[in-house]
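First up is the structure itself, then whatever we jot down about it.
A short reminder: the numbers here are calculations on the coordinates, not readings from a lab. Not measured: the values here are computed from a predicted model. Neighbour counts are summed over all protein chains in view; Cβ atoms, including those assigned to glycine, are modelled from backbone coordinates with ideal geometry.
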Amino acid sequence: MGGWGILNLRFFNNALLAKWWWKIFAGHCWSKIIHFNYLSGGPPGPLFHSPPRNKSFFWAGITPLLPAFRACTSKKILNGASTFFWFDNWLGGRAPKDIWPDLFNNCLTPWTTTRHFYQNSSILASFFHETTMEDLFPIIQSIPECSSSQEDLYIWTLERNCSFSVRSFYKFLVDGGLRTPLYPLFWKVDCPSKVTLFCWLANDNKIPSMSNLAKIGCNFQNATDTCVLCYNNSETVDHLLIHCEFASRIWAFYVNNLHLLTTPISLDQVWITWIPSLEAHRRTFWDLLTRAIFWNIWLERNNRIFNLAFLSTTAILFKTSHMLIDWCSAARDPTLHVSSDSIQSVKRSLDFLSARSADLASNSI
């Protein structure tokens, strides 16, 4: 749920139940009982049947899953006898009724099979109301050859092997068929889970920034939503982690020392466009560095609000760099070994900061 790796039990149970539909289509011996009890009326077939009024608990459990299951299946035409021309997803993964809605509305026999259309393609106009053969030319071109002796095949569109899996259908139910491009690699980075979770929530604008707290009326400790790091702007997530004067100095330090030409413009583009735009051998390193920067800015922000304690930009740079070096040293990815050029640059910058801090301390004395 929300990318946290926690199963939604209701969706997971539905995904398990949906496997029965795939087994029914596979034609096991026991499925004949199902066909006799519930599908003996012929068309509209197992994918489009109307559930009876008196049904078993088993049938009552799997029938509500049919619309979602239907959206994830397509048909491979062999003999066309079991594929409904208009309703099954056989034409490029889509149903022809969605491609030619006007022709579908004029069709006199909407539950015609693809094989029937193939065998009667010369008199196809007789199946439609006030429709000429010229109007039907796109349909005639799309009708596949149905001369095979083999039955049509069901294809599960969510898997490369075309076979049903509980995992793929569960993901479909959770996401409604949509997935964020951020998800696949976001959780596979060698840094603490709490940091990754924070970055995931920040990317979704779900962290309790002053601006977000003010929107829900929970900003009790501070009367305004002003940023506590710069006191110049409203503390939105983008401002706090990227555009704030305090955050900008941290970003500028690493960008200049590591010879990067660009900085992220907004948080929702960091992992979708900015990091992928970098050179391939630098992406994982900058992914870790970005998380370390965000995390330490957030810790400093909370420290100022709750403890009234303030650290300088130099102190935050020290913390961020040491955190990054620790993560890279423990990383499973060999490209992040401590001898890499990027890590060496960070270490040299730490030596520079140490020398500068010593000079400032001696001058103050």
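Under 18 Å from the Cα of Lys76, which lysines turn up, not counting those fewer than eight places away in the same chain?
Hits, sequence-local ones excluded: Lys23, Lys97.
Going 7 Å from the Cα of Leu66 along its beta-carbon direction, which residues of the stretch 77-98 have the amide nitrogen within less than 17 Å of the resulting point?
Under 17 Å, as judged by backbone N against the label point of Leu66, lie 83-89 of the stretch 77-98.
Roughly how many debye, to the nearest 20, is the charge dipole of the stretch 183-364 about its Cα centre, given +1 on each Lys and Arg Cβ, -1 on each Asp and Glu Cβ, and no other charges?
220 debye
Quick one: which residues, 5 or more positions from Phe87 or on another chain, have an amide H under 5 Å from its amide H? H modelled 1.01 Å from N in the peptide plane, none for Pro or chain starts.
none
Run the simple label-point estimate for Glu245 and Ser266 please: 7 Å along Cα→C-beta, distance reported in nm.
The two pseudo-label positions are separated by 2.5 nm.
Full extension from Phe306 to His281: what is 0.36 nm times the residue separation minus their Cα-Cα distance, to one decimal in nm?
5.1 nm
Suppose the chain between Asn105 and Ile216 were pulled fully straight at 0.36 nm per residue; how much longer would it get relative to their current alpha carbon spacing?
Extra length available between Asn105 and Ile216 comes to 35.1 nm.
Once you sort the root eigenvalues of the Cα gyration tensor of the stretch 9-175 as a ≥ b ≥ c, which label holds: rounded (a/c under 1.5), prolate (a/b larger than b/c) or oblate (the other case)?
Prolate.
Once the Cα atoms of the stretch 183-364 are picked out, what are the Rg and Dmax in Å?
In Å, with Rg to one decimal and Dmax whole: 16.7, 51.
Say R0 is 35 Å: what FRET efficiency, to the nearest 0.05, do Trp59 and Arg94 get from their beta-carbon distance?
0.75
Output ³J(HN,Hα) for the stretch 237-250: one whole-Hz value per residue in order, computed from phi by the Karplus curve 6.51 cos²θ - 1.76 cosθ + 1.60 with θ = phi - 60°, and x for Gly and Pro.
5, 4, 5, 4, 9, 10, 8, 4, 4, 5, 5, 5, 5, 5
For Gln141 and Asp351, what does the FRET efficiency come to when R0 = 56 Å and r is the distance between their Cβ atoms, rounded to the nearest 0.05? Before the final figure, lay out each step's value.
Numbers: r = 72 Å, r/R0 = 1.28.
According to the calculation, E is roughly 0.20.
May I ask you to list the lysines whose Cα is less than 22 Å away from that of Lys319, ignoring any residue fewer than eight positions away on the same chain?
Leaving aside lysines fewer than 8 places away in the same chain, those within reach of Lys319 are Lys194, Lys347.
Please work out the FRET efficiency for the pair Ser31 and Met133, using the Cβ-Cβ distance as r and a Förster radius of 35 Å; give the result to the nearest 0.05.
That gives a FRET efficiency of 0.30.
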